[in-house]
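A.B. asks: Just dropping this structure here.
The values are calculated or read from the model by the stated rules, or taken from the named source; none is laboratory data. Owing to the predicted nature of the structure, the values given are computational and were not obtained by experimental measurement. No Cβ is skipped: glycine too gets one built from the backbone with ideal geometry, and neighbour counts run over all protein chains shown. When the accessible area is computed, the model is the full protein with side chains, heavy atoms only, and any ligands, DNA or RNA have been set aside. Shrake-Rupley method; radii C 1.70, N 1.55, O 1.52, S 1.80 Å.
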Amino acid sequence: MSECIQHPGVVERTEGNKVFVRITQYSACAGCHAKSACTLSDRKEKLIEVEDILATNYHPGEPVVIIGQNSMGMEAVLLAFALPVIILLLAIVAGVSAGWTETMSGALGLLILIPYYFALYVLRNKLKKRFVFRLKKLKD
């Protein structure tokens, strides 16, 4: 069995078969003892939508754990960061190879990312089906 990512959260609300869970996301250094002296430590609150056929079993304010497969995180990083960097670099190399200036090649690389991210936006509902989270109640 593959490893899971677990994140504690609190149920914000339920709508139909969806549970909205508020989690606090910390940067990698948020647990550091020197974070008060550092400007890099950061934390953000996020609202995560989880489909669950037993959504009526969850109530606002209830502590839960969101569980996802580790491979989902790797796929998300690939789609959001790795592929765009590869596309950007290929566009720049193609532009320079075609005799364009570095500025024009860089602009081409950035312009090519617009349709890539637009395609991700258009496919967001399909991607939601791939990135499925489960909920588990926390025992008091």
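A.B. asks: Filter segment 94-110 down to the residues that are aliphatic (A, V, I, L, M) and without any contact (Cβ under 8 Å) to a residue 12 or more places away in the chain, then identify the one that is most open to solvent (accessible area, probe 1.4 Å).
C.D. replies: First, pick out the residues of segment 94-110 that are aliphatic (A, V, I, L, M): 94, 96, 98, 104, 107-108, 110.
Then keep just the ones that are without any contact (Cβ under 8 Å) to a residue 12 or more places away in the chain; that gives 96, 98, 104, 107.
Details: Val96: 73, Ala98: 70, Met104: 110, Ala107: 43 Å².
Checked segment 94-110; the qualifying residue most open to solvent (accessible area, probe 1.4 Å) is Met104.
A.B. asks: Look at Met72 and say whether it is touching a strand residue (DSSP E or B) at 6+ places or on another chain (Cβ under 9 Å), part of a helix (DSSP H, G or I) and surrounded by 11 or more Cβ atoms within 10 Å (Cβ to Cβ). Give the derivation first.
C.D. replies: Numbers: touching a strand residue (DSSP E or B) at 6+ places or on another chain (Cβ under 9 Å): yes; part of a helix (DSSP H, G or I): yes; surrounded by 11 or more Cβ atoms within 10 Å (Cβ to Cβ): yes.
In short, yes.
A.B. asks: Scan segment 60-67 and tell me whether some residue there is without any contact (Cβ under 8 Å) to a residue 60 or more places away in the chain and open to solvent by less than 50 Å² (accessible area, probe 1.4 Å).
C.D. replies: The initial filter retains those residues of segment 60-67 that are without any contact (Cβ under 8 Å) to a residue 60 or more places away in the chain, namely 60-61.
Filter once more, so that each one left must be open to solvent by less than 50 Å² (accessible area, probe 1.4 Å): none.
Scanning segment 60-67, I find no residue that is without any contact (Cβ under 8 Å) to a residue 60 or more places away in the chain and open to solvent by less than 50 Å² (accessible area, probe 1.4 Å), so the answer is no.
A.B. asks: Can you tell which of Lys46, Lys129 is under 19 Å from the mean Cα position of the chain (by Cα), at pLDDT below 90 and farther than 18 Å from Thr14 by Cα? Break it down stepwise before answering.
C.D. replies: On the way: Lys46 fails: farther than 18 Å from Thr14 by Cα.
None of the others qualify; the one that does is Lys129.
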